[in-house]
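The structure's right below; bear with me while I get my questions together.
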Amino acid sequence: GVNPRIVENYQGGPIVINEELDMVLDEEHFPTLAKHIGDDLIVTDGTTLLGADNKAGVAEIMSLVEYLHENPDTPHGPLSIGFTPDEEVGRGADLFDVEKFGAELAYTVDGGELGELEYENFNAASAVVKITGKVVHPGSAKNRMRNAALLACEFAALLPATEIPATTEGREGFFHLGSIEGDVATATLDYIIRDHDRERFEERKRIMEQAAALMNARYGCECVELSITDQYYNMKEQILPHMELVDLAREAMEDTGIEPLIIAVRGGTDGARLSYMGLPCPNLCAGCEYAHGPFEHCSVQALQKISNMLVALVQKFVKPAA
């Protein structure tokens, strides 16, 4: 059902991706379009994703493989190449066998716009709040009913109102209420907790624990049950002893005409999981912009530049002759 099209030689201005749905790519809402004047842009038809996150990375890695196959004299050390499924739901590294993979160092190609180079990401946890109410007929509910749906709203109001995705940026963390459902009898809230700073990350978990304890104390029962599960951690802690990985990637970008853009990613990557599994793994740009939605797009020329950068990068890992 994916129906991409290519807008050749983009010269600025709005791109109508679906006239019937009145869906338009424009620089006001998508300012990075201005960087792609003269490029060929791959866009959606407005009804689905491209899936460029991470089809773009797969294409670039396979273009690297193709180049090395066709140019066998290109110097490089031993290469291990792998593709992980289910990265978008945080399970890409669950069954990854680092020892069998056989690499000492690695990169993921899972970043955004051209030039992105990332070795910092969120510390991440999921939190589930389950609330048990007490069902009593509304006509005789005074001092008896405990409405779980209302308690769910009350719990949400105990968390910092300005520390949510819609009001934060950069290295600012947040509590994100992903879903809420319930009735008088039961209610469930699903959260994710994110912060680049490890101490603040742990504090966020304590804030949620305190909110649950306060609710239980207020109502004199164990009606609020909180479970928190850590998902991944900031890979910076694991990359700092191997900063040559970042330096070499920056050099490869500069060698191929790409301006490096080192950022702290507001999300996660398999590289973070793999780094804590013993495989230091910064993240490289893939060239996809505004992923995970119908306004997703990427530049053909950016994909080509990233493939060229990967070719330059592997040549920086030539082992000296014995």
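Read-outs throughout are calculated quantities, based only on the coordinates presented, and are distinct from any laboratory measurement. If you're wondering where the values come from, they're calculated on a predicted model, not measured in any experiment. Here the Cβ positions follow ideal geometry from the backbone for every residue, glycine too, while neighbour counts run over all protein chains shown.
Averaging the inverse of every distinct alpha carbon separation and then flipping it gives the Kirkwood radius. What is it for the chain, in angstrom units? Numbers along the way, then the final one.
Numbers: mean 1/r = 0.0448 Å⁻¹.
The answer is 22.3 Å.
What is the set of long-range amide H partners of V24 at a cut-off below 5 Å, with H atoms built 1.01 Å from backbone N?
For V24, the qualifying residues are I17.
Near K130, which lysines are there with a Cα under 30 Å away, not counting those fewer than 8 places off in the same chain?
Of all the lysines, those that pass the test against K130 - Cα under 30 Å, at least 8 places apart if same chain - are K142, K205.
Rank Y191, A157, G115 by how far each Cα sits towards the positive end of the charge dipole of the chain (+1 on Lys, Arg Cβ; -1 on Asp, Glu Cβ) and give me just the farthest.
The listed residue farthest towards the positive side: A157.
Name the residue, out of P85, P294, P72, whose mean-square fluctuation peaks in a Gaussian network model built on the chain with Cα pairs under 10 Å.
P72
Going through the range 156-198, which GluC sites (Glu not before Pro) have at most 14 other Cβ atoms within 10 Å and a DSSP loop state? Before the final figure, lay out each step's value.
Values: sites: E163, E169, E172, E181; in loops: E163, E169, E172.
Sparse-neighbourhood loop GluC sites (Glu not before Pro): E169.
Given the C-alpha atoms of the range 123-232, compute the convex hull and give its volume per residue in Å³.
91
Let's see if you can work this out: charge +1 on each Lys and Arg Cβ, -1 on each Asp and Glu Cβ, no other charges. What is the dipole magnitude of the chain about its Cα centre, in debye to the nearest 20? Don't skip to the answer; put the middle values down first.
Values: 25 positive and 53 negative charges, 335 e Å.
Dipole of the chain, to the nearest 20 debye: 1620 debye.
Can you put H69, H196, H292, H176 in order, fewest other beta carbons within 10 Å first? Don't jump to the answer; show the numbers that get you there.
Values: H69 9, H196 19, H292 12, H176 16.
In order of increasing Cβ crowding within 10 Å: H69, H292, H176, H196.
Rg and Dmax of the range 23-150, using alpha carbons, in Å: what are they?
Calculated on Cα positions, Rg and Dmax stand at 24.6, 84 Å.
Need the C-alpha centroid separation for the range 1-66 versus the range 91-134, integer Å.
Computed from Cα coordinates, the inter-centre distance equals 25 Å.
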